Each structure stands twice: as structure tokens, then as C-alpha cells.
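Quick notes on the structure that follows.
The values are calculated or read from the model by the stated rules, or taken from the named source; none is laboratory data. Bear in mind that the values here come from a model prediction, so they are computed numbers and not experimental data. Counting neighbours? That spans all protein chains shown, and the Cβs are built from the backbone with ideal geometry, glycine included. With ligands, DNA and RNA removed, areas are computed over all heavy atoms of the protein, side chains included. Shrake-Rupley method; radii C 1.70, N 1.55, O 1.52, S 1.80 Å.
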Amino acid sequence: KPSGGAAGGKGDGLTIAFLPKSKGNQYFVTCEKGARAAADELGAEFLFDGPTNSDPAKQNEIVENWISLGVDVIAASSENKDGLSTALRKAQAAGIKVITYDADAQPDARTFFVNQATEKGIGEALLDNTASLIGGEGDFAIITANLTAANQNGWIDAIKAHQAAKYPNMKLVDIKPCDDLKDKAQQETTNLLSAHPNLKAVISVCSPGVPGAAEAVKQAGKTGTVKVVGLGLPSENRAYVKEGVTQAVILWKVEDLGYLTIQAAAALAKGELKPGDTEFKAGKLGTMKIEGDNILLGTPFAFTKENIDQFDF
Amino acid sequence: MNGKHSREITVAGALALLLLALGILAPNFYDLQPLLSRTTSQMPALVAAIGITLVIITRQIDISIGAQFSMCGVVAGVVAAAGFPLPVAVLAAVGTGVVMGAFNGVLIAWLGLPSIVVTLATMVTWNELLRLWQQGRLMTLPDGFQWFGLSQATGQGIVIAVAVALLVSAAWTMKHLAAGRHVYAVGTDAEAARLAGINPKWTTFGVFVLMGALAGIASVLNLVQSPQVQPNAGDGLELKVIAAAVVGGVAITGGRGNLWGVLLGLLLLANVNPALTHFHQPPYWERAIQGLVILLAVVADGMKRTKKATA
Amino acid sequence: MKPILQLSDIRKSFGAVRALKGVSFELLPGEVHALLGENGAGKSTLIKVITGAHAPDEGTLVVDGETLRSLTPSKARELGIACIYQQPALFPDLTVAENIGLRLKKRSAFARVNHAAQREKAAELLKRIGAEISPDAEVRSLSMPEQQLVEIACALGSGAKIVIMDEPTASLTQKEQHLLFAVVRDLRKSGVGVVYISHRLEEIFALADRVTVLRDGESVGTNRVDDLDEAAMIKLMVGREVAALYPPAEGEPGEVVLSLKNVSCAAGGVQGVNLEVRAGEIVGMAGLVGAGRTELARVLFGITPADSGEISLNGGKLTISNPREAIARGIAYVPEDRRRHGVILEMPIAHNITMAVHPVLFPGTWLRFKAETTMAQDFIRDLGIKAYGPEAPGGSLSGGNQQKVSVSRWLATKPKLLILDEPTQGVDVGAKSEIHRIIRGLAKDGLAVLMISSDLPEVLGMSDRIAVMREGTVTAVLPGGTGAPEVMAAALGQNRGKEVA
Amino acid sequence: MTSARSSLKSLFARHEFVLLAVIVLEVILFQQLGRRFLDGANVSNIFRHSVEIGLLALAMTPVILTGGIDLSVGSMMGLCAVCFGMLVKQAEMSPLLAGVLSIGIGALGGGLNAFLIARMKLPPLIVTLGTFSLFRGLAEALTEGSKSYSGFSPSFLALGNSDIAGIPAQLWIFLVVAIGIWLLVHRTTLGRSFRAIGYSPEGSRYAGIPVERNVSLAYILAGAVAGLAAVILVSRLGEARANAGIGYELLAITAVVLGGTSIFGGSGTIAGTLLGYLAIAILNNGLKRITAHEIFDRPISSVSNEMSGMLTGVLLLVALAAVPVLKSIAARRSRAGT
Ligand SMILES: Nc1ncnc2c1ncn2[C@@H]1O[C@H](COP(=O)(O)OP(=O)(O)OP(=O)(O)O)[C@@H](O)[C@H]1O
Ligand SMILES: Nc1ncnc2c1ncn2[C@@H]1O[C@H](COP(=O)(O)OP(=O)(O)OP(=O)(O)O)[C@@H](O)[C@H]1O
Ligand SMILES: [Mg+2]
Ligand SMILES: [Mg+2]
């Protein structure tokens, strides 16, 4: 084995590396918090690094760097599925265990995927929520981060499929990228509102897009008339949700996602978790279900006016 | 003489055509409220464009303005979050801009370093510093910040009024005050300007400081448009306003250009994206179209020059 | 009388170049004080110290009784010092009125510009010096001499007590020279002190009261002009007698090398030029500034190619569409603007000299440093270029030596026809006679030489034949030895010369 | 006079020396603070991860020497990557042929820059700002923003991920290109003419140098090298996407300027560019290895990208400011000495 525990800075403990899609994002900051807590609990060394811009080569660079650093296990969320898989395969070839979370890589490039909810699940949750708000019919539009983001495209595809199957009277009129900028999302939504006067709802699949879309709807005086639904953090949307501009913010418990990922990663590295297992005991989260090679976090959660104050992330 | 305003006329023509097409094909574009929001959202860029225009006229460039804009916004946000009232936050933003502008100015005016490299360096430095400091958190501003604590309509009115007032007074200064003439003179020929008793160093320094201050003001005008501020709000702003200046007829070789052209250039570029949306076109052509507009503008310049030379 | 300007022991270095080594100078009110010296003697540097453009390393200035360590351009202006620089320092994008406005009384940066008043003032000044230039014209549309007149208007309008002119006549025509002389005399009468720099001794005799000669950054004395004759003045400048100014022609001209029939170029304003140049002869080309001589040279060198007519070289007809072709055909052109077109100041002399012979010296594009150095050393020796070696950057040389480098570059191409454009412009007498000797030597070796010059004595002294250009065409070809009046008459279009069919 | 030259010479010597010292310092520092920094695998990584930027920096040097700039190379990488992906995956071409074609497409794009800059005499900064948007925009439009290409053959992926004689495969290509461009810039008349043009385009024309043609060649070369860099990047990542090479133009320019090439054109060396590139590449890699030290309560390795960006900016400013400051000190000293 070319690498191994010997590299660990802290005696013979594990070294776990944790890769987010991008760093400048509250979502991954929260994720890291949970992950770090798990690592501390396990007494493992925790390495965290991620890209600060949209250069698709950055994630590979970080992974390959960890390979030569000799970490024991890598947990990654992929921005570019195929691209990152190349690096993750190299890690596996070097004897490093690989697990993905949040956004999956190719199945052969990792052992498990910690699934906070399937693409399908997220897409359906977003659309079902929207549909129930607008009575199952009417125009809606989507705000995404950028057109190249892999798992956002996955969610969008799921939304499209689900709409075709279940809500024939709904129509997706436009998809706009906002470059992960809140202000740009706001401008795009303003344009969407006047370009599509019959718009009933805006779904944002990137987190800065949710408050951006909400602000545009609010400024347009269409609070309540045009519904805003999105994937985002409660803390960033609390005010809009309470005002009734944003109807629902959908997310899983992000901190738990980080926590579970690290627990699984450690177990995998220690050999306590093996392919074929159907259950896995994840510290304070208790026993988690495994479906195939997906470790399930649970279903996504909808934050609404009623419950949003109970969450502090 | 006839060629003097040809650029403004061309750009105004293209803009008019676009607006006309929108009027016929997508009359909703002119609904009052979205129009107002759309206009308000471009005002920070307009204010930054005033600054970059002066910088380019002095034959310099500043690609750090997006970073300055982000930094000013974050500083204002931090000051506000610490409980200081709005005017203090505004002062902090502008002050931060002035300091960053002065930093560029000292290196460029006194050490004679090339502005493109200096501002490239300060751009990455400020941007990465911000990332290190803020980790990309969306900052929530205190209540009473949005629209200066006034109603939305009033707030939008103030934002537009401030930007337009800055534009008008800058344009007036460039034409009617000796200082404006100095900026043109330094951009045309710094040594000749020096011999004419103008201090090119102070002029250049002043322009960069002003650029910083305007970036600060622009960030405030952006800040008040929503209750949150993103630490990378200025990403790409430099390209947007440089493009606007170039399309508006400001010569990158210094000494020539005027702010009305820049206003038109900004409006033209800023309306490409809304127009695509209103024509129900897919968004992925946006960047290519903006590139084409810039190239057409420079090519038009080139053709005009060749014609002049052979005539 | 009390001097209005007094400099004592001024020292100034640029890096290791000691341009001024303790110069003292004084200017009285109401006098025209000429400053003379070879190229690089430090004249321009001295006046830049006076105008505040350069701060001296040591020494003091006394202006109007006030003692100063150094000046800034704006402080100098407040003290009433105005200057017409060697290169016009105007803003091409601004109008004449705006340019003049910028140079008049210093106002606060935040004072309002009164456009109407500025225009009026400009019009008045231009009228006073007799220039027919519109105040609303953009400066970029003006000719060189017109720009020089605007400079003069600026200096006049500032109401200065000290006016400095650095080679103001270098690009002026006869007519404008007269305007300038009138202005200078006018200034003297009103008690203004004028510092006047020129390489043309006849101007010094015509205008100046006193003369200070600089040599090698040091002042070698101040004399009354009346006390000196030309020979004495030259001796002061170069530190030795300069004997025969123009080397005599030797031998008979050979075959026709260059023949032009009806050559025109609309872009360059050249129309129907007919001309022949033979091997071994020097054809001098006279004409007023703006007559189109440089333009003709540019046509022959392929910079602005001809659009009609016939150019033959050694009997063969040819078209020349770019400088590369011209070089390949054996044409060489030593341009008039040395600093912009002649030598690349930042590059070593060796690189400058080999620049036009890359395809020959470096076959297959690989550089051969040894061959290059050898070639450069040969020229440095043959032409007597004063430099510390082939690796010295062009900018470290004096004007005359730069000119020699420029000539070397073209001799390296082994041309059949050598076109020289103002070969001694701004070159001091010593270097000038050396360049003349070199040109004559080349002709003797069988080169056909076309020498454009605005220096009439030079044209008269050097030419085997004299072609005169006016309004873009050759109006007369006169034999060598023709007198100045005839040549001037032809240049001015007073139909006295022998017309060419 | 001789002293003027020698002091100037020592200044240049000093610049590259200073850069070398910075690199040595970096290596020592990272070796001390970092984990397994001088490990064979990591040294490979330093090069493997930065070869694309190194290539762009090499190709950018002639462009800057002519007094120009090319902001479009990063976008050109995106366009070439996408074209390469389409050629291999849709037109089912062999990677070799597709690679050659991609380099050709890069050269073509460089040709567009060249036409506008050299022939139409338009300012390079603005032309390439326009093509910066245009090329990236075309890449996005071609893929409708979201498509990407993957699943390349292992033999192609080997180019980006395997070693030849213990050295990353792409580093061999880099070395060949580096030697080629070094020869071009320092040993040929073309390279000499780049400098001449950078110092004085008009003067060069009067000396019979085909200015238009030579400037064009510099931009075409930059485009072609961007195409090559794109192919290498795709083979390293195993995926071709419209956002390949985003922001690389600025890193390449930084490397060139850090290496002592004047942004105004004329002076500069390939050795300087290589040193500038190395300094950046080592900084970027080394910071990732420092896991035991913290800044702002975070391990340095976890903010390595931010830190290396910031330090690169600072280094650039220091390197730039050092020249005029040293010069004025030298001038003062020489004056005091005389
Ligand atoms: N800015 C400068 N930097 C470096 N050296 C300079 C500079 N200006 C002048 N010199 C050098 O100083 C010396 C004096 O130059 P100056 O221009 O004063 O001569 P000049 O007497 O005016 O000559 P000319 O008759 O050719 O105009 C020359 O050796 C020149 O090369
Ligand atoms: N850079 C310039 N800007 C403005 N006018 C110019 C410029 N160069 C040349 N001219 C003008 O173009 C006209 C033709 O110039 P040209 O150089 O051919 O004349 P010339 O007979 O060679 O005069 P000379 O060589 O004595 O200056 C002149 O009026 C000249 O002043
Ligand atoms: Mg002089
Ligand atoms: Mg001439």
C-alpha cells in the first residue's frame, strides 16, 4: 500500500480529507462545521480545501495533492462529475478510500455516495411544493448557478421529468444562470417577471438565487402572486419567508450531511463499512439506511414560515 | 467636426433599435416597475463607469474596481452589523474605496508602475483577502438599511438621482473645469502636460482616488437595494464597465472620450441580457453577443481611422 | 542692469551621464542671449532646469531676485518663464484655443474654464504673430510649422518676462521664420529676456546680443556677438578649427540608377514627379518644409507606395510596396525623425545596425552574434561612432552619433541608392562635417545619393545637382553651384528656375 | 558610461536572481513547514497541475514583448476544449487528429486577434477583451452551457495523468515548447524583431521588418499554444467543458510580468518567465502542504487558494516596485560616489 495511516499528523489516527464544490458558500461552510465535529469526535485529522472560483481543474488539483500527501480517505462533492472522477480514480488506485457526498461522481470512482436526497427526490420536492402553491398549473421559471453545474443540471432534469409526468398544466418557461451572484439572480428574476407576465412561480436551485429572486418579486410588488421556492439555507432566507415573499426553502440538515459523510468515511477507511452493507451506525445520528451504494441522510426538509425559526444554519 | 459625435450617434442608434424592437415584440419590457428596478440595478455600474472613464482618459486602466466594490460593500456591512448608523457605514465604504484607490495611485503615479499590472495585483489581493476574511458568507444588513430606510419608490429614486447627479457633475467638470482639462491633457501626453505646468502625478493619483471613492459610492448604491450583501458582489464589474467605456467611445490610448457615450454604452450592454429574456431566447449566447458588441465597436473605430487616413 | 535670471554652478546627471557639470549663466532683461554648443553639450538640459522640467542635482537659480534650489513647471510659469521646446509639447486632441488656454495663466484646478474668453484670447495671440490658424482647429490637423507657431503664441500669451526658444526654426519655413524673428525683436523691445538656441549661426548673428557657448556640459564663456565671427564661434563650440566645410565633388557621375516618371501617390500628396539620380552623384533636394520631399522618399521606400507612374532602378522597372521590397532592390532610406524611425534607443547599437539586413546576415533566421558584433565594430570604426562598444544602447549616444548609427544601418544593406532625409538636422558642426565627408565618400564609391535637406547651405555645398520640390512635385532641377537666390526662387514658385518638362 | 551599463546589467541580473532567491526561499519554507513537500509525487504534482498555465505564460511572452497583451487565451482554452470534446465524442475522431485540429482552431482564433490587432491596428487590450467574451461565449453556446464531454480513451488520458521516465508526460511537451519558444525569442530574427517592435513599431517598419506579419505570428502562436494547453487540460481532467481555463490569462500574465518582462514591450526573457511561473506554481502547491500551521484560526492548507492568490498579488507588487526603488537608490549612491 503506497500510502496509509503513517502520514497522519496525529499519531496513528485517520487522516480524512473533505472537498466541497466551492468554498465561498454558506452551504459548504455549514457542511464543514458538521464534518469537523465528526472528525473531532473520531479523533481523526481533518483536512479541508476547495476551489474559490469556477476553474474546473481546481478540484482535481486538490485531490491529487491529497493523494501525494497520503491521506486515508477522501470525501468529495463534485462540481464536474466526470472531471473529478478522473482524480478520484487515481486516489483509489493509490489505495485511498473515496466517498462522495452532496454531488456524486461516477460510481466506479467512489465506494459510497452519501445521499442527502436523490436528484429525483430534490427535484420532486421542489416541484411538488411549487405545484401545491400554484394549484398545479401555470408558468414557472428556474434560476440556476451556471449552466455547467452538474448536480444543478441533475435537479433541473428531475424537475422537467416530474413536471411532464405529473403536472401537465405547468410550463417551464425559462432557465437563467446567475453565476452564484445574488444581485444577478435579482436582475434575472426582474426580467423574467416582465418577460413572462403570467409567471406563477420561480424556483431557484442555487442558494444565492433564492434571496435574489425573492427581492425581485418583492420589488415588483408581486409578493404572494408569484411564489418563490428554492434550495437554500434558512438563515439566508428567514426574512423573506416570514414576510411571505418566499414560500418554501427546501434543504436537508446540512450540518448532518457533513457529519454523516465523515462518519461514513472513517468507517470505510477502518473497514467497518463495506460495500454490500445495508445499514450503518453514524455516531449521534444513529443508524442510517444504505440503499445500494447510497447512504441516505433522509428526505429533504421544507422550511416554511411556521418552522423556520427553529433552525439556526 | 462631423465625426466628433459619430460614436455616440451609432451607439444611440443601436440602443434605440434594440429598445424599439423590445417595444414592438415585448411591450412588457416597459412596464413601469420592472423598468425602474432594472434601471436602479444598473446605477452602481454607472457610478463605477464614471470612474473607469476618467481612469482610461488619463491613459491608465483599473481592473481592481470589482474587488474594490466588493471590499467596500463588505466593510460597510461589517460596520453596519456592528451597530453603526447608515451614514457611518457609507463613510466607511467610501473611505475604504479612497484608501484602496490611493494605494493604486501611489504605485502608479509615483513609482511609475504600469497600471494594468498594479491593478491586476491589487485585484487578486483584495479578492482573496475578502475570501479569507468572509468565507463567502451572505451578510444580512440591519433593518432600515434597504432604501435608506425609506419606501422602495423613494429609495429607487434616490439611487437613480445620486448616480445621475454624479454623472452630470462629472461630465460638467470634464468640460468646464480646469481639472477636467488636466485629465485629458495628462492622458494625451503626460510629459507635455508636465511642461505645461500640470502635475501629472497628482492628476493620476487624484483620478485613482476618485475611482476608489466612486467604487465606494457604487457599493453603497448596491447595498441599499436589498437587505443582504454578498462578499463577491463585484465579481466581473471591471469587465462590464471597461466594456461600456470602450463601446461608448473612450479611447483606450487615453485623452479621448466622454461620459455621455459611456452612459449609452452601458445602457446598450446592460440591455442585451434583458432583451434576450424578453425575446424568449436562451441565455447562453449572452457572453458571445457582448464580445461581439465590443469587437464591433473597436472595429468601427479602426474603419473610421483608416478612412480618415486615406481621405 | 540687474539680470532677471541667474544660474550658478548647475549640475545635473542622468544616471551616469553627466549632462551639466557646473554651468553658470545669466540673462538680462531686453536681451537676446544665444546658447550654442554641439549636440549633447547640454543646452536642452540647461533650459529644462530653467523651466523646472528637470530639478538640478546641485546649484542655485536666481529669478527676479528670488533665490531657488529648484523649480517646478508651474512655479516657473508663475515666475514668468515661458518656453518653446525643441519638440512641440502640444495636445493633439485639443483645439488650438484649448491648448493655448492650458498654457496661459495658471488657474486653480477647480476654476471654471471660460470657453469664449479663451477662444478670443487665442485668436488675438495668433493674429499678433501673424499666423493664419483657426483657434477651433484640432492641433492634430496642423502641420509641424503651424504647431510651432501655436507654441510661440503660447509663450507670447503668458506675458512672460523670460522666454526660452529651443531650436524654434528647425521646422519653420522662411515665411514663418520671419514671423518668429519679428516676435523675438518685439519681445526684446518690451524688455523681455530671450534665451535662443540654434545650430544655425546666421540666425545667431541676425538676432542675438550675447552668446554663451556650452561644451561637454560646461560653459566655455559668454561673449558679445559683435565680438565674434563665424570661425571664432565654431572654434569655441568644438574646441578646434573646422576647415573645409564641404568636401569637394570628385569624378564623373555614372549610369542612371534611379529614374522616376510621373510618379504620384495620392495618400502622400506626391504628384507627377520626374527625376533621375546617377551613380556617384549627390542630388540635393531643396524645398520649403511641407513641399513633400519626405513624402517622396516614403513613396520610394514603399512606406506609402506609389499609385501611378514609373519607378526604374538601374534601368529595370519595378513596384515597391513595402520597405522590405525597397531594401531588397537596393534602396536605403535614412529617415528624418531619428528618434522615432531611425534608431531604437533602447536597443544596442549592434542590433540597430543589423536591423535592416536580417535576411542577409542571418540566413535561415538563426542569429549569429559574432557576425553581428563584427559588422557593428566595423561601422563603429569606419564612421567614427563614439560609443563604448557595440552593446551600448542607442539612447546613450549623442544626436550626431545616433545619426551615424542610422546611416550605418543603411550602408550595411549595400544599397545602390541612398536617400538621406535631413541627415544633419540638429547635428552640431563637428559631426555635421564628418557626416558630409562620409556622404561624399559614399558617392565617390559609386553610390547614388538623394539628399533631402532644409539647410540651404548644405544643399548648395554638397549637391552635384539640386532638385527643388514644391507642392508635391519636382519643379526644377538646377546644376550644382547654383546660387541661393535661384534655389529659393524655385522653392517659392517664382518662375525663375529651369522648369523640368 | 560603462558604469551605467554595468549597473543596469546588475539590476537585471538582480531581478532574476531575486526571483531565484524567492523560489529557493519558498522551497526551504515549504520543506520545513509543509508535509511531504519534496516528495517525488508532489514535485510531479507541482508541474502536472500548472503546465497549462506555464504554456500560456510562455506563449504570452512574445506577445507582451511586442508591446501587446492577450486576454483571450483562457477563453480560447475553453473553446478549444469544447471543440476537442465534440470532435472526439461526436465526430468520433482520433484524439491525436482532434488534438491537432484543436491547436489549429486555437491558431485560427489567434488569427482573429492578429487580424484585428496587426492589420486593423486596434488596441490589443480591447480586442482581446472582446474575444475573451466571444470565445468563452462561443464555447458556452456550442454546449448550450451545460453539455460536457467525457469518457476518453485511457491512452489519451495517459497524456495528462501518467509519467514518462519518471516525469509527468505533459511536462515533456512543456519542455519541448519551452525550448522552442526560448530559441524563437532569443536565437532567431523573429524574436529580435518582437523586441524591436515592442520598443518602436514605427522604427521597426522603417527598418524593413514586416511588423504586421511578425505581430500576427505572436498572436497566432499564443492561440495555438492555448489550444495545446486545452488538450492537455482535457486529458488531465478527462472532461471537456466550456469553463476550461477560466482565469488562466491573468495567471499567465502574472507569471510573465513577475519574470521581469516589461508590460510595455521590448525587454524580457523566457528564463524570467519560467522563473516567474515556477514561483507561482510552487507557492500554490506548497501552501496546500502546510497542515500544521494556522491563519485566522484555520489550517493554512485549507485556505491555500486564497493565500496563494493574495501572496502572488503581493509578490507581483513587490517585484514591480523593487525595480524603480532599487534604481533610485542606485542613482543616489552613484551620485554620492562621484
Ligand atoms: N532624459 C534624459 N535621460 C538621459 N540622458 C539624457 C536625458 N536628456 C538628456 N540626456 C543626455 O544629456 C546630454 C545633454 O543633452 P541635451 O539634450 O541637453 O543636449 P543639447 O545640447 O540640447 O543637444 P542638441 O543640440 O542635440 O539638442 C546628452 O548626452 C544626452 O544624451
Ligand atoms: N506628424 C505630422 N503631423 C502633422 N503634420 C505633419 C506630420 N508630418 C508631416 N506633416 C506635414 O505634412 C506635410 C508634408 O510633409 P513632408 O514631410 O512630406 O514635407 P517635406 O518637404 O519633407 O518637409 P520637411 O522634410 O522639410 O519637413 C507638411 O506640411 C508636414 O509639416
Ligand atoms: Mg537640444
Ligand atoms: Mg521632411
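Within segment C:444-468, the residues that satisfy the criterion of being more than 25 Å from C:LEU397 (Cβ to Cβ) and touching a strand residue (DSSP E or B) at 6+ places or on another chain (Cβ under 8 Å) are C:ALA448, C:LEU450, C:LEU456, C:VAL459, C:LEU460, C:SER463, C:ASP464, C:ARG465, C:ILE466, C:ALA467, C:VAL468. Within segment B:290-304, being more than 7 Å from chain D (Cβ to nearest Cβ), surrounded by fewer than 19 Cβ atoms within 10 Å (Cβ to Cβ) and touching a helix residue (DSSP H, G or I) at 6+ places or on another chain (Cβ under 9 Å) holds for B:LEU296, B:ALA300, B:LYS304.
Does segment C:358-379 contain any residue that is assigned to a loop (DSSP other than H, G, I, E, B), open to solvent by less than 10 Å² (accessible area, probe 1.4 Å) and aromatic (Phe, Trp, Tyr)? Looking through segment C:358-379, at least one residue is assigned to a loop (DSSP other than H, G, I, E, B), open to solvent by less than 10 Å² (accessible area, probe 1.4 Å) and aromatic (Phe, Trp, Tyr).
Please go through segment B:24-54 and pick out each residue that is open to solvent by 30 Å² or more (accessible area, probe 1.4 Å) and either within 16 Å of B:PHE279 (Cβ to Cβ) or without any contact (Cβ under 8 Å) to a residue 60 or more places away in the chain (or both). Step through it out loud before you land on a result.
Residues of segment B:24-54 that are open to solvent by 30 Å² or more (accessible area, probe 1.4 Å), as a first pass: B:24-25, B:27-28, B:30-33, B:35-36, B:39.
Scanning segment B:24-54 gives B:ILE24, B:LEU25, B:PRO27, B:ASN28, B:TYR30, B:ASP31, B:LEU32, B:GLN33, B:LEU35.
Every residue in segment D:52-81 that is within 11 Å of another protein chain (Cβ to nearest Cβ), in a helix (DSSP H, G or I) and open to solvent by less than 10 Å² (accessible area, probe 1.4 Å), please.
Passing the criteria: D:GLU52, D:ILE64, D:GLY74, D:SER75, D:MET77, D:GLY78, D:ALA81.
Could you list, in sequence order, all residues of segment B:227-250 that are facing chain A (nearest Cβ under 8 Å) and out of contact with any strand residue (DSSP E or B) (no Cβ under 9 Å at 6 or more places or on another chain)?
From segment B:227-250, those facing chain A (nearest Cβ under 8 Å) are B:227-228, B:230-233, B:235-236; that's our starting set.
Passing the criteria: B:ASN232, B:ALA233, B:ASP235, B:GLY236.
Which one of these is within 16 Å of ligand 4 (Cβ to nearest atom) and either open to solvent by 50 Å² or more (accessible area, probe 1.4 Å) or within 9 Å of chain D (Cβ to nearest Cβ) (or both): C:ASP307, C:ASP337? Outline the logic, then answer.
Working: C:ASP307 fails: within 16 Å of ligand 4 (Cβ to nearest atom).
The conditions single out C:ASP337.
The residues of segment D:261-277 that are within 12 Å of chain B (Cβ to nearest Cβ), surrounded by fewer than 24 Cβ atoms within 10 Å (Cβ to Cβ) and in contact with a Gly (Cβ under 8 Å, 6 or more places away or on another chain), listed by number, are D:SER262, D:PHE264, D:GLY265. For segment A:202-237, a residue qualifies if it is over 18 Å from B:ASN28 (Cβ atoms), more than 22 Å from the chain's Cα centre (by Cα) and open to solvent by less than 10 Å² (accessible area, probe 1.4 Å), and exactly one does: A:GLU215. Among the residues making up segment C:153-186, a single one is of a type in the set (A, V, I, L, M, F, W, C), within 16 Å of ligand 2 (Cβ to nearest atom) and in contact with a helix residue (DSSP H, G or I) (Cβ under 6 Å, 6 or more places away or on another chain): C:LEU172. Only residues that are away from chain D (no Cβ under 11 Å), hydrophobic (A, V, I, L, M, F, W, C) and within 20 Å of D:ALA292 (Cβ to Cβ) were counted across segment A:29-56, and they come to 4. Where helices (runs of 4 or more DSSP H) fall entirely within segment D:102-216, those with at least 2 residues that are within 14 Å of chain A (Cβ to nearest Cβ) and open to solvent by 20 Å² or more (accessible area, probe 1.4 Å) are at D:124-142, D:154-161. Condition test on A:ILE156, is it farther than 23 Å from B:ARG137 by Cα, within 14 Å of chain D (Cβ to nearest Cβ), among the aliphatic types (A, V, I, L, M) and crowded, with 22+ Cβ neighbours inside 10 Å? Criteria met by A:ILE156. Would you call D:PRO154 in contact with a Lys or Arg (Cβ under 6 Å, 6 or more places away or on another chain) and over 30 Å from C:PRO393 (Cα atoms)? In short, no.
Please enumerate the residues belonging to segment A:9-28 that are in a helix (DSSP H, G or I) and more than 9 Å from every other protein chain (Cβ to nearest Cβ). Don't jump to the end; show me each part of the working.
Looking only at segment A:9-28, we keep the residues that are in a helix (DSSP H, G or I), and these are A:26-28.
Scanning segment A:9-28 gives a single hit, A:TYR27.
To keep it simple, each residue is scored yes or no on (1) within 8 Å of chain B (Cβ to nearest Cβ); (2) in contact with a strand residue (DSSP E or B) (Cβ under 8 Å, 6 or more places away or on another chain); (3) open to solvent by 60 Å² or more (accessible area, probe 1.4 Å).
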| site | (1), (2), (3) |
| --- | --- |
| C:GLU66 | no, no, yes |
| C:THR72 | yes, no, yes |
| C:ARG77 | yes, no, no |
| C:ALA82 | no, yes, no |
| C:GLN86 | no, yes, yes |
| C:PRO92 | yes, yes, no |
| C:GLU98 | yes, no, no |
| C:GLN118 | no, no, no |
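Any residue at all in segment A:207-214 that is more than 10 Å from chain B (Cβ to nearest Cβ), among the polar types (S, T, N, Q) and closer than 22 Å to A:ILE159 by Cβ? No. For segment C:447-471, a tally of residues being at pLDDT 90 or above and more than 13 Å from ligand 2 (Cβ to nearest atom) returns 8. Can you pull out every residue in segment A:74-133 that is touching a residue at least 60 places away in the same chain (Cβ under 8 Å), within 12 Å of another protein chain (Cβ to nearest Cβ) and under 17 Å from D:GLY151 (Cβ atoms)? Those that are touching a residue at least 60 places away in the same chain (Cβ under 8 Å), within 12 Å of another protein chain (Cβ to nearest Cβ) and under 17 Å from D:GLY151 (Cβ atoms): A:SER78, A:ASN80, A:LYS81.
Listed by first and then second residue, the pairs linking a residue in segment C:288-302 that is farther than 21 Å from C:GLY330 by Cβ and part of a loop (DSSP other than H, G, I, E, B) to a residue that is within 8 Å of ligand 4 (Cβ to nearest atom) and not charged (D, E, K, R), with Cβ atoms under 7 Å apart and 6 or more places separating them unless they lie on different chains, are C:VAL289/C:SER454. Within segment D:217-260, the residues that satisfy the criterion of being in a loop (DSSP other than H, G, I, E, B) and either within 11 Å of the chain's Cα centre (by Cα) or charged (D, E, K, R) (or both) are D:ARG241, D:GLY259.
Residue count for segment C:419-453, restricted to those that are within 16 Å of ligand 1 (Cβ to nearest atom) and assigned to a loop (DSSP other than H, G, I, E, B): 7.
Please go through segment B:198-226 and pick out each residue that is surrounded by fewer than 22 Cβ atoms within 10 Å (Cβ to Cβ) and at the interface with another protein chain (Cβ under 8 Å from one of its Cβ atoms). Of everything in segment B:198-226, just one residue is surrounded by fewer than 22 Cβ atoms within 10 Å (Cβ to Cβ) and at the interface with another protein chain (Cβ under 8 Å from one of its Cβ atoms), namely B:ASN199. Just to be sure before I move on: is C:THR354 farther than 25 Å from C:ALA306 by Cα and at the interface with chain D (Cβ under 10 Å from one of its Cβ atoms) in the structure I sent? Answer is yes for this residue. Across segment C:27-57, which residue is nearest to ligand 4 (Cβ to nearest atom) among those that are closer than 27 Å to C:GLY430 by Cβ and open to solvent by 30 Å² or more (accessible area, probe 1.4 Å)? Out of the qualifying residues, it is C:SER44.
Of the residues that sit in segment B:251-285 and are more than 30 Å from A:LEU172 (Cα to Cα) and at the interface with chain D (Cβ under 10 Å from one of its Cβ atoms), which one is most open to solvent (accessible area, probe 1.4 Å)? Even if it seems obvious, please write down each step before you answer.
Our first condition is that a residue be more than 30 Å from A:LEU172 (Cα to Cα); within segment B:251-285, this holds for B:251-266.
Filter once more, keeping what is at the interface with chain D (Cβ under 10 Å from one of its Cβ atoms): B:251-253.
Working: B:ALA251: 15, B:ILE252: 33, B:THR253: 79 Å².
Applying the filter and picking the extreme gives B:THR253.
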